[in-house]
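> My structure is below; once you've seen it, I'll send some questions.
The values are calculated or read from the model by the stated rules, or taken from the named source; none is laboratory data. Bear in mind the structure is a predicted one, so any value in this text is a computation, not a measurement. Quick reminder, even Gly has a Cβ in these numbers, built from the backbone with ideal geometry, and neighbours come from all protein chains shown. Just the protein is used for accessible areas: all its heavy atoms, side chains included, with ligands, DNA and RNA removed. Shrake-Rupley method; radii C 1.70, N 1.55, O 1.52, S 1.80 Å.
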Amino acid sequence: VKEPVIWHLSHHYRLRFSVRFAAISHETGGYTVLDLTGERGDINAGLAWAQEQGVEVSALGINGENEWAI
């Protein structure tokens, strides 16, 4: 972990989040399942920034107009 990714998404892109699951391992790396809530443009911009940082982003589904689970 080189950057505080979730903090950055929350503070720089005004996204609210809920951590649904997280796992980390020195051997294999880790992942976090988040529910992100915010304006669609902010979500898109925040996820684009995360990908630029090397974070693999996968959408799991959409729950309402302004809520996405990743």
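> Name the pairs whose Cβ atoms lie under 6 Å apart, with the first residue in segment 1-26 and at pLDDT below 95 and in a loop (DSSP other than H, G, I, E, B), the second open to solvent by 80 Å² or more (accessible area, probe 1.4 Å) and not charged (D, E, K, R), and 6 or more positions between them or separate chains?
Short answer, once both residue conditions are applied: GLU3/GLN53.
> May I ask you to list pairs of residues, at least six apart or on different chains, whose Cβ atoms are under 9 Å apart, with the first in segment 32-48 being modelled with pLDDT of 95 or more and the second being part of a strand (DSSP E or B)?
Here the result reads GLY46/LEU36, each pair linking segment 32-48 to a residue that is part of a strand (DSSP E or B).
> Could I ask something else about it? Out of the residues in segment 1-41 that are open to solvent by 70 Å² or more (accessible area, probe 1.4 Å) and touching a Leu at 6+ places or on another chain (Cβ under 8 Å), state the one that is farthest from LEU60 (Cα to Cα).
Looking at residues that are open to solvent by 70 Å² or more (accessible area, probe 1.4 Å) and touching a Leu at 6+ places or on another chain (Cβ under 8 Å), I get ARG16.
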